[in-house]
1. Among (1) modelled with pLDDT of 95 or more; (2) part of a loop (DSSP other than H, G, I, E, B), which single condition is Thr286 missing?
2. Ala190 versus (1) under 20 Å from Pro385 (Cα atoms); (2) surrounded by 24 or more Cβ atoms within 10 Å (Cβ to Cβ); (3) aliphatic (A, V, I, L, M): which is the lone unmet condition?
3. Give me the residue from the range 381-405 that is farther than 28 Å from Ser368 by Cα and buried (at least 16 other Cβ atoms within 10 Å of the Cβ) and, out of that set, nearest to the chain's Cα centre (by Cα).
4. Taking Asp356, is it in contact with a strand residue (DSSP E or B) (Cβ under 7 Å, 6 or more places away or on another chain) and either surrounded by fewer than 21 Cβ atoms within 10 Å (Cβ to Cβ) or of a type in the set (Val, Ile, Thr) (or both)?
5. Which one is surrounded by the fewest Cβ atoms within 10 Å (Cβ to Cβ) among residues in the range 33-66 that are within 21 Å of Ala160 (Cα to Cα) and among the acidic types (Asp, Glu)?
6. Of all residues in the range 359-380, which are in a loop (DSSP other than H, G, I, E, B) and surrounded by fewer than 17 Cβ atoms within 10 Å (Cβ to Cβ)?
7. Consider Ser299 against the criteria (1) assigned to a helix (DSSP H, G or I); (2) in contact (Cβ under 8 Å) with a residue 40 or more places away in the chain; (3) polar (S, T, N, Q); (4) surrounded by fewer than 19 Cβ atoms within 10 Å (Cβ to Cβ): it satisfies all of them except one. Which criterion is unmet?
8. Which ones in the range 46-62 are in a loop (DSSP other than H, G, I, E, B), more than 17 Å from Arg138 (Cβ to Cβ) and among the hydrophobic types (A, V, I, L, M, F, W, C)?
Amino acid sequence: MIVTQRLHPDVFRLPIEKIRAGYKSDIYFGRTKYVLEKDGRRERVTMQVFQKHPNAVVVGTDHTLAILHVGAGRYRDRVRAQRLFERYLDAEKRLYAVWSELPRLDWTDYEPRAREVFEISRELATLWEPAWRDITVRSLYDGETAAPGEPIMHIEGEYASFAHLETLYLGALTEGTKVATNTRDVVAAAGGKPVIMFGARHQAQEAQAGSGYAAYIGGAIGVSTDEQGEWWGSKGLGTIPHALIAVYGGDTTVATLKFDEHINRSPERLAHLTAPGTPEGHVNVTALVDFQNDVVNTSLGVAHALGARLWGVRVDTSESLVDLALVRELVRRQGQDGELHGVTPRLVELLREALDRNGYQHVRIVVSGGFDAEKIRRFEELGVPVDVYGVGSALIHGTTFDHTADIVRAGGRDIGKIGRAYLESDRLHAVDWTSLIGAGSSAASSS
């Protein structure tokens, strides 16, 4: 999916003080910025950004623009700014620490710490000279594909104003492109069937929003956490984990009934746990049916109890187990060929046959656990009756789509290390800062 309407920089809620101070950047970039500022070098350069993999789905361009917007510039007094930033870090830590004292903490105790953080941030902002207006950017849109070595972005401006930002925007592009490309490949293998991203547990929580957005650009129809859907206005999908079943004594039917009762049928439902945009916030009930390693009988039990209220069943059998349905078939046939462990094609076929035979043709089958593009492609080639794929680590891990940035022009002349030269590209789109930021926005007027 190509998104030509760029995300506003405010969407990313960037840690402005830390970005401007170089706190999150490789230290040599911060030192480079300092050297150039001290030496009065104000050359304008062209920074060319690319990656090396074929047919990569580029994501992170809007994130990069946000980083340039809040981070490009300089402090009028670097010594004073550095001292203030050290105070800011200390004040931020002390402010965070008091949250452990809630609810015993009184506002009169909290207010001085919050005010200190605010006042230091404001003083730092008065010292900052923004430079984003003087930076020219030409870039692909999120969702466009790029060839190896093809420029995905040209950043033109005074290098000293954005030298400290390279670590951040390359990281955003690398992570976003990896997840988007992985998702694109998985979605293509699924042949039009929905793919839900279950990747939150495979990375640090700070990465959720960016990875969820990248998966959406790559073609996933849903994510599992609200934060993964934040940048693109979605909410988390999913119903029942194994833990809920365990608390109800391993009874999947009871756990599913209780879920439906309190999430869909209780008048005191919590709004953020329901499904926005559906009638009365209804959540499609999908029972997780592998707790007893007997997905056919468990699914039939849940379907009998919920009837039309059961939207689907999810099979998540461990790759170390052989489901009892396959064991029973193995005994009947006195041996069989084919795979047995985990979620297998035959297991899904047996489940579909049993549901249909007992009048539950409306119940959809969702599979998860160890699925990647290769496994999904094999299921589709075999015609396995899967309705939805849940994919986790395959979207997060795998090939790293490292991005590289090189100065290829400086002071009006071509320059760059051997093997890196300026490459013109008519695919790059000029960034209109006024349209992106908003001429009348507070960000545009104050920065």
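The values are calculated or read from the model by the stated rules, or taken from the named source; none is laboratory data. All values reported here derive from a predicted model rather than from experimental measurement. Cβ atoms come from the backbone with ideal geometry, glycine included; neighbour counts cover every protein chain shown.
1. Tallying (1) modelled with pLDDT of 95 or more; (2) part of a loop (DSSP other than H, G, I, E, B), Thr286 fails exactly one: (2).
2. Answer for Ala190: the failing condition is (2).
3. Keep residues of the range 381-405 that are farther than 28 Å from Ser368 by Cα, which gives 402-405.
From what's left, buried (at least 16 other Cβ atoms within 10 Å of the Cβ): 403, 405.
Details: His403: 18, Ala405: 23 Å.
Only one residue fits best here, namely His403.
4. Numbers: in contact with a strand residue (DSSP E or B) (Cβ under 7 Å, 6 or more places away or on another chain): no; either surrounded by fewer than 21 Cβ atoms within 10 Å (Cβ to Cβ) or of a type in the set (Val, Ile, Thr) (or both): yes.
Considered against the rule, which asks whether it is in contact with a strand residue (DSSP E or B) (Cβ under 7 Å, 6 or more places away or on another chain) and either surrounded by fewer than 21 Cβ atoms within 10 Å (Cβ to Cβ) or of a type in the set (Val, Ile, Thr) (or both), Asp356 comes out as no.
5. The residue in question is Asp39.
6. As a first pass, look at the range 359-380 and keep what is in a loop (DSSP other than H, G, I, E, B): 359-363, 369-372.
Scanning the range 359-380 gives Gly359, Gln361, His362.
7. Evaluating Ser299 over (1) assigned to a helix (DSSP H, G or I); (2) in contact (Cβ under 8 Å) with a residue 40 or more places away in the chain; (3) polar (S, T, N, Q); (4) surrounded by fewer than 19 Cβ atoms within 10 Å (Cβ to Cβ) leaves (4) as the failure.
8. As a first pass, look at the range 46-62 and keep what is in a loop (DSSP other than H, G, I, E, B): 52-55, 58-60.
Keeping just the survivors that are more than 17 Å from Arg138 (Cβ to Cβ) gives 52-55, 59.
Of everything in the range 46-62, just one residue is in a loop (DSSP other than H, G, I, E, B), more than 17 Å from Arg138 (Cβ to Cβ) and among the hydrophobic types (A, V, I, L, M, F, W, C), namely Val59.
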